[in-house]
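This report refers to the structure that appears directly beneath it.
The values are calculated or read from the model by the stated rules, or taken from the named source; none is laboratory data. Fair warning: this is a prediction, and the values are worked out from it, not measured in the lab. Cβ placement follows ideal geometry from the backbone for every residue including glycine, while neighbour counts extend to all protein chains displayed.
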Amino acid sequence: MAVIDEVVKDYIVGLAASGKRKDERSAMQFRPFTVEKNPIPNAEGSALVKLGKTSIMIGVKVDPCVPFPDRPDEGVLSTNAELVLFASPTYEAGPPNENSIELARVVDRAIRSANAIDVKSLLIEPGKAWGVYIDLYVLDADGNLFDAACLGATAALQGCRIPKWEDGKVIRTEAARTLELALKPITCTFIKIGGKIFLDPNEDEEKAAEGTLTIATTEDRICAMQKSGKAGFTEAEIGELMDIALDKSRELRKAI
Amino acid sequence: MVGIVPEGAPTLVVGGKRIDGRAFDELRPIRMEVGVLNRADGSAYLEWGRNKVMVGVYGPRECIPRHEADPFRAVLHIGYSMAAFSSMEERNRPGPNRRAREISKVMRHAFENVVLLEQFPKTAIDVRCEILQSDGGTRCSAITATALALADAGIPMRDLVTSVAVGKAGGELMTDLGKEEDNFGEADMPLAFSMRTREILLLQQDGLLTKEEIQKMIRMGFDAAAKIRKMQVEALRRKYK
């Protein structure tokens, strides 16, 4: 297995030197993607995203909760990622590892900092608010979980049902209203291989990558970024990638 | 009929029909698809009523943790899990709870009967069942889908495993309890069968029943399982068409 990985990596690095990719995409091209909305009617919001061979199910539950003491007039937003064991031969059982925590936190930051949800509108009464719990279930892992997960989270939140609250009880069969996102955050993830930069890496490309940069954008601004891997990015590169992210994110946002 | 009808319980049988209009021996609509995941060695997706289940299989492969490896046969790992967003009620905390651990255990025992584990010593076969949406009868859905995913992974088995629940609600014996019948009914008995040997590989039961009722319910289970097994075989054949 490890020998094959090295051979594939060498092949990808070799191609990258001339700006080419194993699946013949251009450098700044997304794989084909689909967004299925509301596949899980039991959840208040849901979406199934397929990006190439990557597949992520996103479910949103809306439950009553007690607001945080330092934000007594706001609801709660929480994001969690599950790397389901069948999604990759390398996934192992156990507590969340650093990759699943990073995935959840980057998606959370993109949604939170875009102010996509008006958290003040989630207050039910003093001491009681709605908690919006986003769970990202990775079903098939073939690279670029960030962009698939963020696209799905935004799609699942848009139109998400807020249940009715009556006499201190939740009535889930009736929606009091639906969430309408003020801004729709979308991430674009880039990798660097041998100094060349590519959008939307598959898993083989991620293994060959020296570094990754994820840029979350709203319709006209940047709302979150995350760099990982040892490679550095120059100021010029980051400037160029912000422009590409603002442009390319429109393709994904259209699917919501 | 015995017991106290809980407050707010719906009437489960009206005019000889069930709450969703089904006859007593009628199954909910079932849809099965094999080979739905790219990475897993074998996989299956199953919808049964409003239940939605995804199962993925890896193996035989290196057993992790290694100290569990058996020099004479493969170790079968089966994990049943309910997704955080799967139920109509509050979010489930991810990770196995006591219920999920018990279901995983009895599921494993059912499949240890049919999988030819002795052909793959020192390895593990890893099965994961994720309940994406729950609607009563999730373990039967998971077992029926697991049999398909194992077959899809090319793992040799003596038979498929086919599962269905039989129960009693509103004073009537009935096949394939729905969520309300499960929650408010008098008795529930999930079963799993090897239809080739006509053995029962999983049996759990709760609720007060007579011996005769249980015997009748087992016969109802066999009748329903015969229909479900046919669908399993058809789903496997469809993949190779």
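General observations
- Residue within the range A:52-62 that is touching a strand residue (DSSP E or B) at 6+ places or on another chain (Cβ under 9 Å), within 14 Å of chain B (Cβ to nearest Cβ) and among the hydroxyl-bearing types (Ser, Thr, Tyr) present: yes
- Of residues in the range B:139-173 being assigned to a strand (DSSP E or B) and aliphatic (A, V, I, L, M), the one farthest from the other protein chains (Cβ to nearest Cβ): B:173
- Of all residues making up the range B:46-87, the number that are among the charged types (D, E, K, R), more than 15 Å from the chain's Cα centre (by Cα) and at the interface with chain A (Cβ under 8 Å from one of its Cβ atoms): 1
- The range B:39-96, subset of a type in the set (Lys, Arg) and modelled with pLDDT of 95 or more, residue surrounded by the most Cβ atoms within 10 Å (Cβ to Cβ): B:52
- Qualifying residue in the range B:211-226 (condition: within 22 Å of residue B:31 (Cβ to Cβ), within 14 Å of another protein chain (Cβ to nearest Cβ) and in contact (Cβ under 8 Å) with a residue 24 or more places away in the chain): no
- Wholly enclosed strands (runs of 3 or more DSSP E) of the range A:25-94 bearing at least 1 residues modelled with pLDDT under 95: none
- Any hit, the range A:120-136, residues being of a type in the set (Lys, Arg) and assigned to a helix (DSSP H, G or I): yes
- Some residue of the range A:239-254 being in a loop (DSSP other than H, G, I, E, B), within 29 Å of residue A:38 (Cβ to Cβ) and among the acidic types (Asp, Glu): no
- Exactly one residue out of A:159, A:143 is touching a helix residue (DSSP H, G or I) at 6+ places or on another chain (Cβ under 6 Å), at positive phi and either more than 14 Å from every other protein chain (Cβ to nearest Cβ) or not acidic (Asp, Glu) (or both): that is A:143.
- Residues in the range A:85-129 that are within 12 Å of chain B (Cβ to nearest Cβ) and in contact (Cβ under 8 Å) with a residue 12 or more places away in the chain: A:86, A:87, A:88, A:91, A:96, A:100, A:104.
- Subset of the range A:63-84 [crowded, with 16+ Cβ neighbours inside 10 Å and more than 7 Å from every other protein chain (Cβ to nearest Cβ)]: A:64, A:65, A:67, A:74, A:75, A:76, A:77, A:79, A:81, A:83
- Residue satisfying all of: in the range B:14-45; more than 23 Å from residue B:222 (Cβ to Cβ) and β-branched (Val, Ile, Thr); farthest from the other protein chains (Cβ to nearest Cβ) among these: B:14
- Residue within the range B:118-126 that is surrounded by 23 or more Cβ atoms within 10 Å (Cβ to Cβ) and either hydroxyl-bearing (Ser, Thr, Tyr) or outside any strand (DSSP E or B) (or both) present: no
- Residue list for the range A:35-62, restricted to those being surrounded by fewer than 24 Cβ atoms within 10 Å (Cβ to Cβ), of a type outside the set (A, V, I, L, M, F, W, C) and within 16 Å of the chain's Cα centre (by Cα): A:36, A:37, A:50, A:52, A:53
- The range A:7-34, residues that are without any contact (Cβ under 8 Å) to a residue 60 or more places away in the chain, among the small types (Gly, Ala, Ser) and surrounded by 11 or more Cβ atoms within 10 Å (Cβ to Cβ): A:14
- Selection within the range A:1-24 - farther than 30 Å from residue A:135 by Cβ and either outside any helix (DSSP H, G or I) or within 14 Å of chain B (Cβ to nearest Cβ) (or both): A:1, A:2, A:18, A:19, A:20, A:21, A:22, A:24
- Condition check for residue B:136: surrounded by fewer than 21 Cβ atoms within 10 Å (Cβ to Cβ), assigned to a loop (DSSP other than H, G, I, E, B) and within 14 Å of chain A (Cβ to nearest Cβ): no
- Unmet criterion (only one of (1) closer than 23 Å to residue A:52 by Cβ; (2) surrounded by fewer than 16 Cβ atoms within 10 Å (Cβ to Cβ); (3) not aromatic (Phe, Trp, Tyr)) for residue A:209: (2)
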